[in-house]
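The values are calculated or read from the model by the stated rules, or taken from the named source; none is laboratory data. Here the structure is a predicted model, which is why all the values come from computation and not from measurement. For neighbour counting, all protein chains shown are included, and Cβ atoms are generated from backbone atoms with ideal geometry for every residue, glycine included.
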Amino acid sequence: MNKGLQLGRAVALPHSPDQAKLDAVANLHRDTDYLVRFTAPEFTCLCPITGQPDFAHFVIDYAPAKSILESKSLKLFLASFRNHGAFHEDCTVMIGKRIVAAIKPKFLRIAGFWYPRGGIPIDVFWQTGKLPADLSLPDPGVPPYRARG
């Protein structure tokens, strides 16, 4: 039933994003435009310079075409960044591009809300494709960073 998928079986955490696999599953509603949202509020990777941990809250919205993204594979892919050193912009855009390569959606937007590094929060947004005319794109729902008073 789930031949080739990571779903439904024990899978080791990939050691790096390059080793991680994103699984595509058939979209059973190809005749309908709809929006899918994944929220990952506990993403972590490493600063490529200092090796210190960086943290982000990701919101990924996409309008599927022929395939949808299987969520367990996304979870493993995101977790594979834990020991990966990369800048915020690189991580955010890389994640978006890998998802697009795996499922070829009609539209995808990834919003990366990064917690402060050096006192500066960095928010990174990337999108591709065209949002279908009959869909609205909701606000990511992540408030702007507010330092303690």
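Just a few scattered comments:
- Residue within segment 42-52 that is of a type in the set (D, E, K, R), surrounded by fewer than 17 Cβ atoms within 10 Å (Cβ to Cβ), out of contact with any Asp or Glu (no Cβ under 9 Å at 6 or more places or on another chain) and closer than 30 Å to Tyr145 by Cα present: yes
- Inspection of segment 29-42 identifies no residue that is more than 17 Å from Ile110 (Cα to Cα) and of a type in the set (Gly, Ala, Ser).
- Boolean, Arg109 is under 27 Å from Leu13 (Cα atoms) and either of a type in the set (Asp, Glu) or surrounded by 19 or more Cβ atoms within 10 Å (Cβ to Cβ) (or both): yes
- One residue from Val59, Val93 being over 25 Å from Ala133 (Cβ atoms), touching a strand residue (DSSP E or B) at 6+ places or on another chain (Cβ under 8 Å) and β-branched (Val, Ile, Thr): Val93
- Check on Ser80, of a type in the set (Gly, Ala, Ser), over 25 Å from Arg146 (Cβ atoms) and exposed (fewer than 15 other Cβ atoms within 10 Å of the Cβ): no
- Candidates Ala56, Ala86: the one that is among the small types (Gly, Ala, Ser) and touching a Gly at 6+ places or on another chain (Cβ under 7 Å) is Ala56.
- Any hit, segment 50-60, residues being at pLDDT 95 or above and hydroxyl-bearing (Ser, Thr, Tyr): no
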